[in-house]
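Data first, discussion second: the structure below is written as structure tokens.
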Amino acid sequence: MRLGCVTPEAADLRATIAKAAEFLPQASSEYLRMIAWAEHRLAHLGAQNELEELTSNLREQNLFPEPDGLHDPEGDPAPPKNPWSY
């Protein structure tokens, strides 16, 4: 399952790859390597949006654990009362 997250980097890479088709006949080997890198990077970014990969990354980085070590069941303390107010 793919989540619908689009990053500016992915959008830029898609635009670059799409525009590259115009230049492929006269492109240098460096340009072709850059486009190959862009395609690889875009595939990597797309894989990060797969549910299994995202879940794996969250667990690996210990984000949103259960139980949450930062949860305070008592909540914040009440604000101090001014003894002079009524």
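The values are calculated or read from the model by the stated rules, or taken from the named source; none is laboratory data. Owing to the predicted nature of the structure, the values given are computational and were not obtained by experimental measurement. As a convention, Cβ positions derive from the backbone with ideal geometry for all residues, glycine included, and neighbour counts pool all protein chains shown.
The table that follows gives values for the structure above.
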quantity	calculated
Within the chain, helices (runs of 4 or more DSSP H) holding 2 or more residues that are in contact with an Asp or Glu (Cβ under 9 Å, 6 or more places away or on another chain)	8-20, 29-47
Cβ pairs under 6 Å, 6+ apart, first in the stretch 49-60 and under 17 Å from THR7 (Cα atoms), second part of a helix (DSSP H, G or I)	GLU53/ALA47
Residue in the stretch 37-50 that is at pLDDT below 90 and either acidic (Asp, Glu) or touching a Pro at 6+ places or on another chain (Cβ under 9 Å) (or both) present	yes
